[in-house]
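Remarks on the structure that follows.
The values are calculated or read from the model by the stated rules, or taken from the named source; none is laboratory data. As the structure is a computational prediction, the values presented were derived from the model and not from experiment. When we count neighbours, we look across all protein chains shown, and the Cβ atoms used for this are built from the backbone with ideal geometry, even at glycine.
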Amino acid sequence: MMRIFMGVLLMALSTVSSAGGMTLSSPDVHEGQRVAEAFVYNGFGCTGGNLSPALTWSGEPGGTQSFAVTVFDPDAPTGHGWWHWLIYDIPADVHSLPRGAGDPSSGLAPAGSHQGMTDFKTTGYGGPCPPVGHGTHRYVFTVHALDVPRLGLPEGTPPGELARAIAAHELNSASITAVYSR
């Protein structure tokens, strides 16, 4: 009986949190699941496709004037994690990124958006590539609803500076946490 009650309570809480909040979905990365090789970095011993996944979001709060999307590895052995992607100044009427939008030369990113510098020291998407034998790393894909139409930062802004600007203007966010190890 207690197990049934807890199940109903958890379902009710999930409904409340998704009813009033943002959601993020993807056909390419899934909560708690291993990142497919197509989306893994190509370098540092990794041989993935380094393709950014398709992402779709909804449920942003009123007052949202733009979006940013980030991918962060909190498990990187750097003492401060590892930024894999930061794309920002995404117009408020855009609610998805197609697969491959993380390649700045592809032309797939929304008009007016910018891509920040990653910890790979490049702009655009850099997929998972943890050190060999370092265990399973989490990759947090997050869409951020922002209260400004533009952050006013140039393409290639360093990740720490960009992350601080995003946090200063965030109204709400939604995330998918996928995993990868080698």
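Here are a few things to note about the model shown:
- Any chance Pro53 is of a type outside the set (Ser, Thr, Tyr), assigned to a loop (DSSP other than H, G, I, E, B), within 11 Å of the chain's Cα centre (by Cα) and at pLDDT 95 or above: yes
- Set side by side, the residues Gly127, Gly102, Gly79 differ, and just one is part of a loop (DSSP other than H, G, I, E, B), within 13 Å of the chain's Cα centre (by Cα) and farther than 22 Å from Met22 by Cβ, which is Gly127.
- Within region 81-99, being farther than 22 Å from Gly63 by Cα and among the aliphatic types (A, V, I, L, M) holds for no residue.
- Screening Gly21 with (1) in contact with a strand residue (DSSP E or B) (Cβ under 8 Å, 6 or more places away or on another chain); (2) modelled with pLDDT of 95 or more; (3) within 29 Å of Ala165 (Cα to Cα) gives one miss only, at (2).
- Applying the criterion of being farther than 20 Å from Ala174 by Cα, of a type in the set (S, T, N, Q) and out of contact with any Asp or Glu (no Cβ under 9 Å at 6 or more places or on another chain) to the residues of region 89-131, the residue that is surrounded by the most Cβ atoms within 10 Å (Cβ to Cβ) is Thr118.
- Just one of the listed residues (Arg138, Arg182) is assigned to a loop (DSSP other than H, G, I, E, B), in contact (Cβ under 8 Å) with a residue 60 or more places away in the chain, in contact with a strand residue (DSSP E or B) (Cβ under 8 Å, 6 or more places away or on another chain) and basic (Lys, Arg), namely Arg182.
- In summary, Phe72 fulfils each of the numbered conditions (1) in a loop (DSSP other than H, G, I, E, B); (2) of a type outside the set (Gly, Ala, Ser); (3) buried (at least 17 other Cβ atoms within 10 Å of the Cβ) with the single exception of condition (1).
- The conditions of being part of a loop (DSSP other than H, G, I, E, B), on the phi > 0 side of the Ramachandran plot and either in contact (Cβ under 8 Å) with a residue 60 or more places away in the chain or in contact with a strand residue (DSSP E or B) (Cβ under 9 Å, 6 or more places away or on another chain) (or both) are met by Gly112.
- Within region 129-166, restricting attention to residues that are among the aliphatic types (A, V, I, L, M) and touching a Ser or Thr at 6+ places or on another chain (Cβ under 6 Å), the residue that is farthest from Val94 (Cα to Cα) is Val140.
- Some residue of region 151-163 being touching a strand residue (DSSP E or B) at 6+ places or on another chain (Cβ under 8 Å), surrounded by fewer than 16 Cβ atoms within 10 Å (Cβ to Cβ) and within 20 Å of Glu60 (Cβ to Cβ): no
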